[in-house]
Amino acid sequence: MVCGLTSCLGSGAAGGLFSSAVQFFAATQCLVGETWPKDSVLQNGSRYDFIIVGAGTAGSALAARLSEVANFSVLLLEAGGDPPIEAIIPAFRETLKASSVDWNFTSVENNITSQALKRGIEQQPRGKMLGGTGSLNHMVYARGFPSDYHEWASIAGETWNWTNVLKYFMKTEHMTDTNIVNNPELMVYHGRGGAIEVSGTNEVMFSIKKFLQAFEELGFKTVPDMTYPNSIGAGCFSHTIRNGERDSSLRALLNNANSTSLHILKDAFVTKIIIENGTAIGIEAVKDDKKFLFYADREVILSAGTFNTPKLLMLSGVGPSEHLRSLGIDVVADLPVGSNLHDHVMVLAFLVADNGTCVSDEAENSMEAIKYLYDRTGFLAKADNMAAYLPLSSSEPTVPEFALYPTCIPQFSPFRSGCLTLGLNEDLCTELHNLNQEYELVTIAAVLLKPKSRGKVELNSINPFDDPLIYAGTFSEEQDLDHFPRLIKMAWSIADTNYFRSKNARVIKPWVEACSNLTESAWIKCMSRAMVTSAWHSVGTAAMGTVVDGDLKVLGINGLRVVDASVMPKIIRGNTNAPVVMIAEIAADLIKEHYSVSRTGTNLNNMTIGNLTASSMPNISQPNINLADVIENNDMINSSLIEVEITNVEIITTTDRQSDIDDTVNVA
Ligand SMILES: Cc1cc2nc3c(=O)[nH]c(=O)nc-3n(C[C@H](O)[C@H](O)[C@H](O)COP(=O)(O)OP(=O)(O)OC[C@H]3O[C@@H](n4cnc5c(N)ncnc54)[C@H](O)[C@@H]3O)c2cc1C
């Protein structure tokens with residue numbers, strides 16, 4: 001391709017960011033790019049073993065893993081199209097929100113919380129494109145903590161215990177963060193050679209260094225690995241970035257999937273699951289204004305995310321009977337679909353400080369574009385994020401309950417547009433924008449990681465193209481709000497640390513009319529109630545234990561699973577993308593096992609069965625061997641003695657032999 005202005009002009013979401021935007025995009029369209037999976041040519045009414053709805057974080061990983069099995073046929077439908085170039089360049093992540101690749105969901109106004117946000121509602125961005133929200137998110141790599149998964153295991157069974165989920169986190173991971181790879185104590189918990197790169201460096205931005213010093217002065221330990229399960233503190237996150245470009249389950253897994261068994265349909269909006277006699281047999285979809293039916297011989301799998309998965313279930317008759325009947329929908333299964341919605345909740349604290357506090361020598365340097373195009377380095381290649389984790393009390397020092405995420409905003413930043421995208425109202429954004437003309441701003445997002453409050457998702461109507469109603473339920477439990485005076489005061493105390501004091505940092509209390517004339521703690525609670533917003537990690541609307549079982553099968557319906565963030569019974573203490581990939585990896589193995597296919601990466605050479613080792617088994621080194629054959633041909637099987645290790649070996653499939661495996665072995 002000739003890289004000239006006319007041939008390479010982009011049509012992405014971020015146009016106009018730099019004065020030299022046109023030239024920059026002209027160049028990047030040639031130099032930064034990806035060959036996305038092509039649309040398949042499909043017959044209306046065709047049949048597949050598996051139909052997956054949604055090519056987001058979970059759907060992309062799951063489709064890729066299932067397509068590893070040569071004789072599985074998989075159809076993956078995605079409502080959006082190819083991601084724009086801004087979904088590749090890390091520094092442009094903010095421009096994807098409120099763009100055409102965002103579903104642009106919002107919560108329903110409740111007249112109580114978020115009243116200082118525009119229209120009294122919380123913004124709920126979600127990716128509508130290949131890769132879903134994984135193509136739009138901030139690329140922070142987090143997992144939650146062991147106690148999160150102890151909780152899951154107590155609800156949904158031992159598949160979800162920490163020891164097991166850790167294996168799956170490590171399976172997908174290719175850790176290259178220099179803060180971690182050289183530390184054997186940390187590397188015990190990380191994988192190398194997995195599909196998704198998790199990178200990082202100790203060359204952090206100036207302001208991040210200053211925040212880390214500030215948190216140290218406030219008594220936080222600086223930790224080299226924010227996912228380390230044995231201690232918490234303040235530190236920089238690792239990110240899913242490979243060579244200065246976003247990495248994701250789309251780019252690392254789906255883009256490399258087996259194209260013969262996998263069929264992908266983009267811009268295909270699934271409107272209903274077809275359920276007959278208690279079995280999901282297919283889906284209805286609309287593409288290019290035409291209706292299509294596709295049939296699943298084995299399973300329909302919903303990976304449409306926390307808001308769209310419950311919507312599809314309810315449109316198909318699976319949900320709370322009263323709500324469905326009120327809309328005239330025939331009830332197929334009466335389940336609490338849509339309830340248990342919860343999210344990390346976020347309130348911003350603000351400081352102002354002298355110019356030069358943030359020392360942003362990076363963002364406005366026009367050399368940055370050239371640097372990026374030359375070797376994928378510099379500001380554009382990064383997503384510097386840090387946080388300080390706080391426990392609820394000193395008796396649980398390794399379990400964070402809250403997080404503080406600081407950001408330094410240089411004078412004259414294009415803060416206003418980000419402020420509005422976040423959902424703050426015009427007056428607040430104008431007030432903060434005006435302050436930023438005079439000072440540098442420090443925002444500290446105070447986040448509650450384990451809220452007790454619950455909301456729900458309901459149908460707006462029976463029209464599948466209507467957005468679902470999202471009742472956020474924020475602070476429906478008053479105890480959640482009670483934490484904020486302590487949290488916000490902790491955030492404010494950054495102003496009293498050496499560096500920020502030397503820059504004359506001081507607290508700014510934005511004007512919230514309803515909160516005037518209150519004492520400090522009362523003001524913080526009032527302001528928090530008024531300014532609270534989602535931290536974009538909604539989960540739980542088709543939860544394990546109530547809507548799906550521990551194998552992610554929808555209760556009472558055959559051939560229907562949910563594999564995405566909505567199955568989390570309780571939110572984990574951290575960002576949710578890697579946990580969703582982990583859920584998809586486990587789901588893929590559960591499905592392969594269910595249909596008697598050996599797990600991905602089962603290394604038969606590392607296996608012992610009874611007193612036989614792999615090498616002593618006559619046929620073990622032969623190609624085309626599979627776990628089911630090995631088991632069937634040995635009468636010395638002791639299920640507890642099977643050891644499996646993860647490496648890349650070819651998958652061989654056997655079908656219809658489920659009972660052989662299910663009844664006799666328990667693959668660890
Ligand atoms: C702004 C933002 C920043 C975030 N930052 C981070 C971060 O830094 N780190 C982190 O760990 N997590 C982050 N998250 C959260 C994380 O990205 C999500 O939890 C995760 O991507 C959810 O994955 P999912 O598979 O459940 O849903 P999604 O990735 O949203 O996938 C759902 C897919 O289904 C498609 N779909 C929906 N309905 C239909 C339909 N009817 N027909 C066909 N297709 C359909 C959608 O278009 C989408 O592609 C962030 C989230 C947001 C919103």
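Scan region 542-563 for residues that are under 15 Å from ALA156 (Cα atoms) and either open to solvent by less than 20 Å² (accessible area, probe 1.4 Å) or without any contact (Cβ under 8 Å) to a residue 24 or more places away in the chain (or both) and the total you get is 12. Might you check whether a residue that is on the phi > 0 side of the Ramachandran plot, outside the structural domain of LEU212 (by TED's automatic domain parsing) and surrounded by fewer than 24 Cβ atoms within 10 Å (Cβ to Cβ) occurs anywhere in region 245-266? Within region 245-266, not a single residue is on the phi > 0 side of the Ramachandran plot, outside the structural domain of LEU212 (by TED's automatic domain parsing) and surrounded by fewer than 24 Cβ atoms within 10 Å (Cβ to Cβ). Considering region 122-156, the residues that are β-branched (Val, Ile, Thr) and within 6 Å of the ligand (Cβ to nearest atom) include one that is surrounded by the most Cβ atoms within 10 Å (Cβ to Cβ), namely THR133.
So that you can scan it fast, the table gives a plain yes or no per residue for (1) closer than 30 Å to ILE494 by Cα; (2) without any contact (Cβ under 8 Å) to a residue 60 or more places away in the chain:
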site	(1), (2)
GLY157	no, no
VAL165	no, no
THR172	no, no
ILE180	yes, yes
GLU185	no, yes
THR201	yes, yes
ILE208	yes, no
GLU216	yes, yes
PRO229	yes, no
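Among ALA116, ALA91, ALA87, which is open to solvent by less than 20 Å² (accessible area, probe 1.4 Å), within 23 Å of PHE379 (Cα to Cα) and in contact (Cβ under 8 Å) with a residue 60 or more places away in the chain? None of the other options fit; the residue is ALA87. Annotation: LEU66 fulfils all but one of (1) among the aliphatic types (A, V, I, L, M); (2) away from the ligand (no atom under 12 Å from the Cβ); (3) surrounded by fewer than 24 Cβ atoms within 10 Å (Cβ to Cβ); (4) under 20 Å from VAL581 (Cβ atoms); the unmet one is (3). Scanning region 382-418 for residues that are more than 23 Å from VAL223 (Cα to Cα) and touching a helix residue (DSSP H, G or I) at 6+ places or on another chain (Cβ under 9 Å) yields ILE409, PRO410, GLN411, PHE412, SER413, PHE415, ARG416, SER417, GLY418.
Is it true that ALA91 is away from the ligand (no atom under 11 Å from the Cβ), outside the structural domain of LYS382 (by TED's automatic domain parsing), at pLDDT below 95 and assigned to a helix (DSSP H, G or I)? Against the criterion (away from the ligand (no atom under 11 Å from the Cβ), outside the structural domain of LYS382 (by TED's automatic domain parsing), at pLDDT below 95 and assigned to a helix (DSSP H, G or I)), ALA91 qualifies. Among the conditions (1) of a type outside the set (Val, Ile, Thr); (2) open to solvent by less than 40 Å² (accessible area, probe 1.4 Å); (3) modelled with pLDDT of 95 or more; (4) farther than 20 Å from ALA387 by Cα, PHE237 misses just one, which is (4).
The values are calculated or read from the model by the stated rules, or taken from the named source; none is laboratory data. Everything numeric in this text was worked out from a predicted model, so none of it was measured. Using ideal geometry, Cβ is built from the backbone for each residue, glycine included, and neighbour counts are taken over all protein chains shown. Areas reflect the complete protein model, heavy atoms only, side chains present, ligands, DNA and RNA absent. Shrake-Rupley method; radii C 1.70, N 1.55, O 1.52, S 1.80 Å.
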